[in-house]
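Trainee: Have a look at this one before I ask anything.
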Amino acid sequence: MGGQLALIHTVPGLIAVFEPLVHRHLPGWTPFNIVDESLLRISIREGSMSKATARRVAGYVFSAVDAGADAILVTCSSIGGAVDAARPFCPVPLVRVDEGMAERAVVTGRRIGVLATLTSTLDPTRDLIARIAAERGASSIISASVVDGAFAALAAGRQEEHDRRVGDALKRLAAEVDVVVLAQASMARILGGPHGEGVTVPVLSSPEPGVMALAARLAAAGPRGP
């Protein structure tokens, strides 16, 4: 089984993160990318995703369908609510990147810490975990915090500062919870590096679990008709 997979991004740099994961977990699928940085920039400026931004996200979803997409993955957690709203109307499988990560978090530990570098991402991720916990009947306790200054550092090209700030916050939060969720795909860069060392609880990021969740959904759906 294979087909055309559309990836909708708000950060251009994530194309290089996701394409190898698609090739690894979705053999036979050919990815193509749709990128609009303004979706995230406006959400950051407004503090949350507006109705106008949600409509634009839906427009990209259906543009992807019109372009021949057989499945769609949206790689930005800040606009996850728009994905949920569009899903009932989308004729192909549509997945938000943080679904797989949230599902893993709920089954990994009761005390879940959510770490973000943007307020606009914190609430959607926390809400998704809470919803999945409720669906599973899990009594999860969710702690959430924003790493001040980290996103501004990354946007300005100060990657070492971003990684240090996230790493320091990760160590503090990890001391209080059973599992930590990194709310943004861009934060996954610290895993495996020096700033992620010394953390003794599981740390989850969204890119690979997100692609694997899509692969599982496609496998469960079975082969498409002619």
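Trainee: Go through segment 80-122 residue by residue and tally those that are open to solvent by 20 Å² or more (accessible area, probe 1.4 Å), in a helix (DSSP H, G or I) and not charged (D, E, K, R).
Mentor: So the count comes out to 7.
Trainee: Then there is this: When residues of segment 61-79 are filtered for being in a helix (DSSP H, G or I), farther than 18 Å from residue 37 by Cβ and open to solvent by 40 Å² or more (accessible area, probe 1.4 Å), how many remain?
Mentor: 2
Trainee: Tell me, please, whether a residue that is at positive phi and either among the β-branched types (Val, Ile, Thr) or within 20 Å of the chain's Cα centre (by Cα) (or both) can be found in segment 128-145.
Mentor: Scanning segment 128-145 turns up no residue that is at positive phi and either among the β-branched types (Val, Ile, Thr) or within 20 Å of the chain's Cα centre (by Cα) (or both).
Trainee: I've got another one for you. So if I check each of 16, 58, which one is open to solvent by 50 Å² or more (accessible area, probe 1.4 Å), of a type in the set (A, V, I, L, M, F, W, C) and part of a helix (DSSP H, G or I)?
Mentor: Only one candidate qualifies: 16.
Trainee: Got a sec? Which of 185, 130, 156 is at pLDDT 95 or above and under 24 Å from residue 79 (Cβ atoms)?
Mentor: Going through 185, 130, 156 in turn, just one is at pLDDT 95 or above and under 24 Å from residue 79 (Cβ atoms): 130.
Trainee: Being touching a His at 6+ places or on another chain (Cβ under 6 Å) and buried (at least 20 other Cβ atoms within 10 Å of the Cβ) is the requirement here; does residue 53 meet it?
Mentor: Here the answer is no, as residue 53 does not meet what is asked.
Trainee: Quick one: how many residues across segment 192-204 are open to solvent by less than 30 Å² (accessible area, probe 1.4 Å) and within 10 Å of residue 104 (Cβ to Cβ)?
Mentor: Result for segment 192-204: 1.
Trainee: Moving to a separate point now. Just checking, how many residues over segment 22-50 are assigned to a loop (DSSP other than H, G, I, E, B), in contact with a helix residue (DSSP H, G or I) (Cβ under 9 Å, 6 or more places away or on another chain) and either among the charged types (D, E, K, R) or open to solvent by 50 Å² or more (accessible area, probe 1.4 Å) (or both)?
Mentor: 3
Trainee: Given the options 150, 175, name the one that is aliphatic (A, V, I, L, M) and open to solvent by 10 Å² or more (accessible area, probe 1.4 Å).
Mentor: The unique qualifying residue is 175.
Trainee: Residues that are touching a Ser or Thr at 6+ places or on another chain (Cβ under 6 Å), at least 2 per element: which helices (runs of 4 or more DSSP H) completely within segment 125-226 meet that?
Mentor: 150-155
The values are calculated or read from the model by the stated rules, or taken from the named source; none is laboratory data. Given the structure is predicted, the values throughout are model-derived calculations rather than measurements. Every residue, glycine as well, gets a Cβ built from its backbone with ideal geometry; the counts of neighbours run over all protein chains shown. Keep in mind that these areas ignore ligands, DNA and RNA; they rest on the heavy atoms of the full protein, side chains included. Shrake-Rupley method; radii C 1.70, N 1.55, O 1.52, S 1.80 Å.
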